[in-house]
Every structure is written in C-alpha cells, then in structure tokens.
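The structure appears below as structure tokens.
A short reminder: the numbers here are calculations on the coordinates, not readings from a lab. On a predicted model such as this, the values are computed, not experimentally measured, just so you know. When we count neighbours, we look across all protein chains shown, and the Cβ atoms used for this are built from the backbone with ideal geometry, even at glycine.
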Amino acid sequence: MSRKSVNKREKIDRVTITTTTMRVKKVEKRLLKYDELPDYMKDNDFILDYYRCEWPLKDTFLSVFCWHNETLNIWTHLGGFLIFAAMAVATLMESSKGDGAISNFLRTSFIATPLMTMLTMNRNNGSRNTTQGGHHGNFSESSLLDTSAEGTELVPLWPWFVFLAGAMCCLVFSSVSHLLACHSKRLTRFFWSLDYAGISVMIVCSFYAPVYYCFYCQPLFSLFYLTSITILGILAIITLFTPSLAQPQFRAFRACLFLGMGFSGLIPSVHATALHWDHPQLLVALGYEVLMGILYATGAWFYVSRVPERWKPGFFDLAGHSHQIFHVFVVGAALTHSAAIMILLHWRQGTPTCL
Ligand SMILES: [Zn+2]
C-alpha cells in the first residue's frame, strides 16, 4: 500500500473512531428509564425516569447543573451545607469582633420569643421560676436576653463548632453521594456507605454541645455520655464500611445501630431535665429538641413510605418526591437543633461558674 493510501486509511479510521466515540458518549449521557437501569441502581420503582447511569466521571460531576431526578436531592443538602457554613463563618467573625447579626437574629427569633412567652406564663401562674433567687433561679428578662453578661467568654464555643462541622460533613457527604454514586457499581456502594457514615457523624456531633452545656458542672457525666456516643458512632461507621456487615441480612442490625444512637439521646435529656428542671431556658431548649425529633421522624416517614410518588408514579420524578422532602426535613431538624444549642449556650454564658 502506498504512503498516500496508508495516510488516507488512517484518516478514515480516525474519523470512524471519533464518530463512534461521539455516538457512544451521546448514548452514555442519555437519561434512562427505571426499566433500563442495571439491578444495582434500582431502588425506587415509583420514580420512572430521568436516571443518570454510568456516565463518565466528568459528566457526572457537571450534572450538578442539569435537570435529572437527583438534582434537587443534591441541591437541598448543598443549600443546607451553605447555611451551616455561613453560620460557622458568622460565629467565627462574631467571636472575634463581639456581637453580630446572626446571634441577634437567633436571639430574637428563637430565644427571646419563646422565653418571654414562658416567663409570662410562669408569672401568671405564680411559678417559682420568676421569683426564686439563688444560684440558678434568679431570672430577669435582661439576664435572659443579654449575652454580654460577665463571664461570657469563659464558656467554650468548641461544642457548637463540633455540631456545625458534623452537620456540614453530613450534608456535603449526602450531596456528593447523590451527585456521583450513579457513576459505577463500585462508587454506588462506596458513596451510599459514605452517606450513612455522614449521618452517624452528624448524630454523634449533635450530642456534644447539649451534653457539654447541660453537664458543664458535672464533667464526669459529660465525659461518660460523650464517650459512649462517640464509641457507638465509631462502631456504626466501621459497620457501614465492613463489606460482610453491609449484606441485606444485617439491615436490621444497622437500623438498630442508628436507632440506638438516636434514642440514646433520651437518657442525657431526661437526666439534664431532672438536674435543671427549674430553668425555663432548659425547657425551651427541650421543646426545640422535641420539635427536632418530630421533624426527623416526619422526614423518616417520607423516606420509608415513598409518599407522594407511590400515589402517582412518574409524576414526581424531577421534583417533589419523598427523598427530596426527607432532605428538607433533615435540614429543618438540624436548624432546630441549632436553636436549642443557642439557648443552652446563652443560658450557660449567664451562669459560667459552678458552685
Ligand atoms: Zn439523601
């Protein structure tokens, strides 16, 4: 074959390869229907369409800006991550400069209003809370709402940052998992383990601030509760990344581990209430924690029941399906927990010394 015809042949080959690659790429980037998915990706048979499946990593990554059935799952938790990141930055700025917009907003919206309502109720009932003096009982409206009280700087802020870090970790792990898990079978397994690990981290980190501030003057109890929940969390994460324990027959074991972690919060809550039951701040914080529990439980109900897509399969593929609703409830519950922590921190700042 002459040199010229070899070059021509190579050129034709190259064109053919490029065309084939383009055609393959086009097929790869198509959004699939549920029935076209490989078994490992079949999870919710009420979501019928708009699945990304085994796209190249770069395209999977860039699909954060495209419409498919995971777009809102990604952005609901990415939005939550940005809210908590903003709160972390605002706290850092405020702690270096003094009081600021975030703490003022939190105080008026989440602390002042319920506390004032409670104080009014107590006053009307002639409760001892507004009349009792002494170490814990001497409440005045100004001391409840004024964080510039003496000793403010003595109460450490690190447990609050531990919670913020845990929430950010959980939300960003979730977003990245929803974005990239569809790339391959291997990544699917890894990212869904990572997603659950993020939940474990958030549960453990959620304990630190309330336990630390409630048992500030009982450091042994604080150490006991925080060590216990941390060990449970580490066990949960080891379980999630142990392939043999990731089998379906251990599903009940994994569920018990999460439930155990969540419900173990009841013990320090009851203990703290018994210790500080005459403090209205504690009761308002407890109210927020109960609300948090209700929000998590409602979110979990949507997650398990797969409502509303089970009522109209295919209709909620892009927006409004149960997992997106679950995500919104998770962010709401975490924000409610933030309000509870703010109340406890504020209360502890008012009584930084232990008798
Ligand atoms: Zn999710």
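Annotations
- Under 15 Å, Cβ to Cβ, from Arg310 - net charge with Lys/Arg +1 and Asp/Glu -1: -2
- Interchain or long-range residues, amide H under 5 Å from Leu32's placed H: Tyr50, Tyr51, Arg52, Cys53
- Estimated inter-spin distance, Ala300 and Thr242, nm [label 7 Å along Cα→Cβ]: 2.2 nm
- With neighbours defined as other Cβ atoms within 10 Å of a residue's Cβ, the residues Phe207, Phe315, Phe81 order from fewest to most as Phe315, Phe81, Phe207.
- Long-range amide H partners of Arg306 with built H, under 5 Å: none
- The ranking of Cys66, Cys170 by Cβ neighbour count inside 10 Å, starting from the fewest, reads Cys66, Cys170.
- Between Arg254 and Gln218, the modelled label-to-label distance comes to 3.6 nm, taking each label 7 Å out from Cα in the direction of the beta carbon.
- Diffusion coefficient (Stokes-Einstein, Kirkwood radius over C-alpha pairs, 37 °C, 0.692 mPa s) for the range 235-355: 192 µm²/s, rounded to a whole number.
- In order through the range 188-205: 3J(HN,Hα) via Karplus (6.51 cos²θ - 1.76 cosθ + 1.60), integer Hz, x for Gly, Pro: 4, 4, 4, 6, 6, 5, 4, 4, 5, 4, x, 5, 4, 4, 5, 4, 4, 5
- Cβ crowding within 10 Å ranks Leu48, Leu82 as Leu82, Leu48, fewest other Cβ atoms first.
- At full extension, Val290 and Leu154 could sit 46.1 nm farther apart than now, given 0.36 nm per residue minus the alpha carbon distance.
- Across the range 343-352, rounded Karplus estimates of 3J(HN,Hα) from the backbone phi angles (6.51 cos²θ - 1.76 cosθ + 1.60, θ = phi - 60°) give 5, 5, 4, 4, 5, 5, 5, x, 9, x Hz, Gly and Pro being marked x.
- Amide H to amide H, with H built 1.01 Å from N, Phe215 comes under 5 Å of no residue 5 or more places away or on another chain.
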